[in-house]
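Here is the structure we will look at.
The values are calculated or read from the model by the stated rules, or taken from the named source; none is laboratory data. A quick note: this is a predicted structure, and the numbers were derived from the prediction, not measured. Note that each Cβ is placed from the backbone with ideal geometry, even for glycine, and that neighbours are counted across all protein chains shown. When the accessible area is computed, the model is the full protein with side chains, heavy atoms only, and any ligands, DNA or RNA have been set aside. Shrake-Rupley method; radii C 1.70, N 1.55, O 1.52, S 1.80 Å.
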Amino acid sequence: MAGRLAGKTAFITAAAQGMGQAAALAFAREGARVWATDVNAQALKSLDGKEGIRTRVLDVTDEAAIAKASSEVGDVDVLFNCAGIVHNGSILEASI
């Protein structure tokens, strides 16, 4: 069923390796226009030149950088937030 995401835009964080990279490649294979982001510019280069994928360095802990990326990308149909941190405590105690 290739093409299930044709015409859709997917925004993926932590896309340079692991699950994020696998998601970026899978979404692109299904026809999505993928924005693959990661804080690690060197590792993100592994996705450069892949059909349907645009890469962008992004630190998801930087609110200004997120706002800038959002304005560049435009409408997003799929958000795959793979970036994460280890936090001590509950989600209610976590800051932005």
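Of the residues making up region 32-46, not a single one is in a loop (DSSP other than H, G, I, E, B), at positive phi and free of Cβ contacts under 8 Å to residues at least 40 places away in the same chain. How many of the residues making up region 62-95 are in a loop (DSSP other than H, G, I, E, B), at negative phi and either loosely packed, with under 12 Cβ neighbours inside 10 Å or of a type in the set (Phe, Trp, Tyr) (or both)? Result for region 62-95: 9.
Put simply, of Ala16, Ala2, Ala6 the only residue that is touching a helix residue (DSSP H, G or I) at 6+ places or on another chain (Cβ under 8 Å), assigned to a loop (DSSP other than H, G, I, E, B), open to solvent by 30 Å² or more (accessible area, probe 1.4 Å) and of a type in the set (A, V, I, L, M) is Ala2. Residues that are part of a loop (DSSP other than H, G, I, E, B) and closer than 23 Å to Arg4 by Cβ were ranked within region 51-61; the one that is farthest from the chain's Cα centre (by Cα) is Glu51. Take Gln42 and decide whether it is modelled with pLDDT of 95 or more, open to solvent by 80 Å² or more (accessible area, probe 1.4 Å) and not small (Gly, Ala, Ser). Here the answer is yes, as Gln42 does meet what is asked.
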